[in-house]
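Beneath this line is the structure, given in C-alpha cells, with notes to follow.
The values are calculated or read from the model by the stated rules, or taken from the named source; none is laboratory data. These figures come from a predicted structure and were not determined experimentally. Using ideal geometry, Cβ is built from the backbone for each residue, glycine included, and neighbour counts are taken over all protein chains shown.
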Amino acid sequence: MTHVAPTQQDARRDGPDGTEPWALREYAFLGDGERGALVSPRGELVWLCAPRWDSDAVFSQLIGGQGQYTVRPADHWQISGGFYENGALVRVTRWVTSRAVFLTREALALPSDPERLVLLRQVSVERAPASGAGVAMVLDPRPGFGHAPLSGWQRAEEPTGPGGSTPVWTATGGGLRVRWSGAPEARPDVDGALRGTFTLREGEQRDLVLEISTERAASTGSLEARGLWEETQRRWRQVVPDCDSTIAPGDARKAYAVLHGLTSNAGGMVAAATTSLPEHAGEGRNYDYRYAWLRDQSYAGIAVAAHGPHPLLDSACDFVTARILEDGDALRPAYTVTGGPVPGERSLGLRGYPGGSDRVGNHAGRQFQLDTFGEVLQLYAAAAPYGHLEDRDVRRAVDVAVTAVERNWERPEAGLWELEERWWTHSRLSVVTGLRALAARLPEREAARPRALAETVLARTRARCLRPDGVWARAADDPSVDAGVLLPLARGCLPGADPSARRTVAAVQRELAEDGYVYRFRHDGRPLAEAEGAFLLCGFMMSLVTHHLGDRPAAYRWFERNRAAYGPPGLYAEEFDVEQRQLRGNLPQAFVHALMLENAVRLAG
C-alpha cells in the first residue's frame, strides 16, 4: 500500500463549487433504513450521517457544514432531470450537455448494516462524440460535521476474483473507515478531497462504490458493483408491495419505499432524514427529526395495515410494543431508532440551511404527550386482523397503555404539536379513538374496560372542549380551532350521528384552509401563510375526514391537491408554502407519506 501526497488540482474549476444550497423541493433522497442521503440536481451528495441516522454527519453542506460527494458531467453546460425506479429508492438522473447524454443511477445498497453503508453510483453514456464525454467526480468526506479530519488517502489494489484486482482508495477519521472503488483517475487535492475526471464513450458504463463503516467493524466487504446492484434491486422488489389496488399506485409505492427507507432493522422509523430545515424562515422552528416518534410510526403502521400485512406493520408493532413494556407510564413520544433516549438540543456552530439553524437533539424526547397512547392503541386495533393481538407481548402492552391512559388522561401535556402543557382536545379525542377501536377488536369480557374509559374521557372532554356552537375547540382554555382534531374525527371517535364532526370540519375549512391546503392553527393575528406553511399532514387528514363523513368528491379534491405538493423527486416535506410552491421543514417527512398512502388505499374503497 502506498501513500499518495496531495497535489494541486490541475483541472480548471469554474462555475458553482457545490456548496450553494438548493430549494428543498429539488433534493432527492436515498435511504436504506439505517441512514439517509440527500442529493442535489447537480449530483452533489450534501447530507449523510454515518453510521446511523442520529450519528454525526459525514456530508453536511445542507446545513452549512463541509463534505461532498459529487458525480456529474464535466461539461458545465448541462441540465438534469430524474425519477425513482418503480417501488425503490433507486434514483435515476438523465443529464443533457452540449454534446452528450448521460444517465446516472444511485442508491444506498441493501440489505443495510448499522455498522456499514454502501453507496452505489453508476454512470453510463447514451450519446457522445467519437472522442467520448467527460465525467467529473469529487469525494470529500468530513466526519463529525466537518470537525474530524480524515487521514491521508491511500491507494491499494484489492482482489476482485481469480487473478483480478481493482484500485481502492481508503482513509480513516472520526471513528470511521472510508473505501472508494471505481475511481483510479482520482488524486488527492491540497484540501484533502479526491478529485478527478474520466471519459466514457457511447454505450460505456462506470460503477463507483463508496463504503463507510465504523472502525470497529473492520469491513472487508465486497465492493463488486454488479452483485451489490442485483441484491439491492431484489430487496426492493421483495419489500415494496405493488399497490395496484390504490387510486395512485405509483405514488403509493414510492410512499411505501420512503417509509421503508426510513425504518431501521431495529424497528424504529425516523420522522425524517434531516435536521434543522426551517418550517418558516426566521421563525425559529428548526428541529432534529432523525429520531423515531411513536405517533408517526403508528400512522405509518395504520396506513400499511389498511393495505395489507406488510413488513412495515410488523416493525411498527414490535418497536412500539418494546417501548411501552419498557417505559409504561413514562413512555416518551420519541426515541432513537434502537429505542434509546433522544439527546437534548445543542448547536453545532454551523450557519445552517438558509432561514434555518444547526440543531441536533430534540427536547420532545423528554415530554409527555397523551395522544401517543391513543395512536398506539389505534395501531394495535388496525393490526388485529393480521393476528397481532394474539401476541402475548402485544396484549401486555395493550394493558399497560390502557392503564397509563386511566392514570394520566386528565394531566396537562404537550400534545400533538409539542407545545406548552395544556388540556389539548386532540389528545383526549385520540385516546377515545384508540380505546374504542381496541374495544371493537377484543372479546366482550375484555372490551368493557376500554369502552367505559372511552366514554368517561369523551364526556369530560365534551364538557370542557366543545364550544357552544358545536365545534371542537383547540384546548380547554382556547376556543380557536385546530386541524389536528380532524384525524380522530376521521377515525370514528364520535358516534355517527354526532353533529360536532361536520361542524368542526366546516370550521377548519373556513378558518384554516386556503387554496385547497390546510394550516395547523393560527399562531397570531397574521395571515396564515406569514406564520408557517400549510401542513400537508392536515391536508391529508381533511381528505380522510371528508371521506369518513361520506363526501367522496370532496375527499378526492383534498387528496389530489395535497398529493401534488412535492418537487421534481416526488417527495413530501412537513409543510408546503402555498404562495411560493416550495417545501418547508425536514425531508422526507414520514407521517406525510404515511397519510398519503392511507388515503390512496381508503379512497380506492
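Here are the numbers:
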{"item": "Qualifying residue in region 42-49 (condition: more than 16 Å from Arg142 (Cα to Cα) and surrounded by fewer than 23 Cβ atoms within 10 Å (Cβ to Cβ))", "result": "yes"}
{"item": "In region 456-480, residue nearest to Glu418 (Cα to Cα) [restricted to those that are among the aliphatic types (A, V, I, L, M) and surrounded by 15 or more Cβ atoms within 10 Å (Cβ to Cβ)]", "result": "Ala475"}
{"item": "Spans of helices (runs of 4 or more DSSP H) in region 509-577 with at least 1 residues at pLDDT 95 or above", "result": "536-548, 552-563"}
{"item": "Among the residues listed as Arg216, Arg142, Arg177, the single one being in contact (Cβ under 8 Å) with a residue 40 or more places away in the chain, in a strand (DSSP E or B) and within 29 Å of the chain's Cα centre (by Cα)", "result": "Arg177"}
{"item": "Some residue of region 152-169 being of a type in the set (Phe, Trp, Tyr), in a strand (DSSP E or B) and closer than 24 Å to Leu103 by Cβ", "result": "no"}
{"item": "Pairs where the first residue, in region 435-462, is modelled with pLDDT under 95 and the second is not acidic (Asp, Glu), C-beta under 6 Å, 6+ apart", "result": "none"}
{"item": "Any hit, region 153-166, residues being buried (at least 16 other Cβ atoms within 10 Å of the Cβ), among the aliphatic types (A, V, I, L, M) and either in contact with a strand residue (DSSP E or B) (Cβ under 7 Å, 6 or more places away or on another chain) or touching a residue at least 40 places away in the same chain (Cβ under 8 Å) (or both)", "result": "no"}
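Yes/no matrix, rows are residues, columns are (1) assigned to a helix (DSSP H, G or I); (2) in contact (Cβ under 8 Å) with a residue 60 or more places away in the chain; (3) outside the structural domain of Asp54 (by TED's automatic domain parsing); (4) of a type in the set (Gly, Ala, Ser):
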residue: Phe319; (1), (2), (3), (4): yes, no, yes, no
residue: Arg351; (1), (2), (3), (4): no, yes, yes, no
residue: Asp393; (1), (2), (3), (4): yes, yes, yes, no
residue: Ala397; (1), (2), (3), (4): yes, yes, yes, yes
residue: Ala404; (1), (2), (3), (4): yes, yes, yes, yes
residue: Glu410; (1), (2), (3), (4): no, no, yes, no
